[in-house]
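**Student:** Starting off with a structure, shown below.
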Amino acid sequence: MAIDHFEPLERAPLRAFEWLNHLLSCAYCNSDVKREEYPVDANGFCLLINPTIEDPAEHLQLMLASGEYEPVNGSPKGVESIRVFGLNRPDLIKGRQDAFDLACSNIRDWHFQRQSNDVRADRVAKALLDRPFIDVVHAMTRLKPSVAAIVVGQDTVPALVAWQAEYGL
C-alpha cells in the first residue's frame, strides 16, 4: 500500500499535508496509473470518486460474471474513475472473477456450517471478509432477489440471503 494525494500536489500544493487529501492506494495506481490526473467538469468539480465522502456504489457497478466495473447510469465520475484508476485492468478483472467463484463457494460453506452449528462458520466468514477483492462480496450483498439466482446460481441463493441478513454489507 501507498499513500496518494487525491488532489495532486501540482494542482494544489497547499494541500500537501492536509489529511483529507491523503488516501490509501495500491503502489501500482499511485505510481503508474493515476499519477497527476485529476479530471474536472466544466465547473471545476472533480470527476473522481472520493471514497471518504461518497459511496462508490453510487457511481460504479461491479458486473460479477465478467469482473468488470461499469458506470452506474453513465455516471461521469464512474467513467473517469474507471479510466484514471485503471479499474478494469486484466489482472483486476481476473482477480475479481476468481474471487467471485470462491465467494460463492465460501458463502455456501458458511451457510451449511452455520446451520449445523459448526464453530468453523465464523472462521469461514472472517476469512472471506479479510480476502482481497472484498468488493466482490459487497456487490453480491447488493444483488436484488430477482437477479440473484441468475448471477450466483440457485444453489447459492439461500446462503446469500442468510449472508445478507447477517452481514448486510
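The values are calculated or read from the model by the stated rules, or taken from the named source; none is laboratory data. Note that this is a predicted model, so its numbers are computed, not measured. FYI the Cβ positions are ideal-geometry reconstructions off the backbone, even for glycines, and counts take in every protein chain you see. With ligands, DNA and RNA removed, areas are computed over all heavy atoms of the protein, side chains included. Shrake-Rupley method; radii C 1.70, N 1.55, O 1.52, S 1.80 Å.
**Student:** Taking the alpha-carbon centroid of each part, what is the distance from region 130-158 to region 1-44 in angstrom?
**Tutor:** With region 130-158 and region 1-44 each reduced to a Cα centre, they are spaced 32 Å.
**Student:** Using only protein heavy atoms and a 1.4 Å probe, report how much of Phe6 is accessible, in Å² to the nearest 10.
**Tutor:** 20 Å²
**Student:** Helix 120-129 sits at what angle to the longest principal axis of the chain, using alpha carbons and giving 0 to 90 degrees rounded to 10?
**Tutor:** For 120-129 against the chain, the angle is about 20 degrees.
**Student:** State the label only: which of [x] 67, 28, 11; [y] 35, 17, 14; [z] 25, 20, 14 corresponds to semi-axes √(5λ) of the Cα gyration tensor in Å computed from the shown model?
**Tutor:** [y]
**Student:** Heavy atoms only, probe 1.4 Å: what % of the accessible area of region 1-132 goes to carbon and sulfur, would you let me know? The partial results should precede the final answer.
**Tutor:** Working: 4580 of 8110 Å².
Answer for region 1-132 is 56 percent, counting heavy atoms of protein chains only.
**Student:** Continuing with this model, one more query. Per residue, how much accessible area does region 1-121 have with a 1.4 Å probe, in Å²? Please report the intermediate quantities before stating the final value.
**Tutor:** Details: 7260 Å² over 121 residues.
Per-residue accessible area for region 1-121 comes out at 60 Å².
**Student:** Taking 7 Å along the Cα-to-C-beta vector as the label spot, tell me the Val33-Glu54 distance in nanometres, rounded to one decimal.
**Tutor:** About 1.8 nm separates the two model spin labels.
**Student:** Between Ser146 and Asp122, what FRET efficiency follows from the Cβ-Cβ distance if R0 is 41 Å, with the result rounded to 0.05?
**Tutor:** Details: r = 30 Å, r/R0 = 0.74.
Computed FRET efficiency for Ser146 and Asp122 comes out at 0.85.
**Student:** To the nearest 0.05, how large is the calculated FRET efficiency for Val40 and Asp155 if R₀ is 41 Å and r is the Cβ-Cβ distance? Spell out each step's value before the answer.
**Tutor:** On the way: r = 47 Å, r/R0 = 1.14.
Step by step, r from the Cβ atoms, then E = 0.30.
**Student:** Show that you can apply the helix-only estimate: for the chain, add -39,500 (n - 2.57) for every DSSP H stretch of four or more residues, divide by all residues, and state [θ] at 222 nm to the nearest 500. Walk me through the numbers on the way to the answer.
**Tutor:** Working: 6 runs with 73 residues, N = 169.
Helix contribution divided over all residues of the chain: -13500 deg cm²/dmol.
**Student:** Helix 76-85 sits at what angle to the longest principal axis of the chain, using alpha carbons and giving 0 to 90 degrees rounded to 10?
**Tutor:** For helix 76-85, the angle is close to 90 degrees.
**Student:** Suppose accessible area is computed on protein heavy atoms with a 1.4 Å probe; arrange Met140, Met63 from highest to lowest. Let's see the in-between values first.
**Tutor:** Working: Met140 0, Met63 60 Å².
Heavy-atom accessible area, descending, gives Met63, Met140.
**Student:** If I fit a long axis through the Cα atoms of helix 157-167 and take the longest principal axis of the Cα atoms of the chain, what angle between them do I get, 0 to 90°, rounded to 10?
**Tutor:** Approximately 60 degrees, to the nearest ten.
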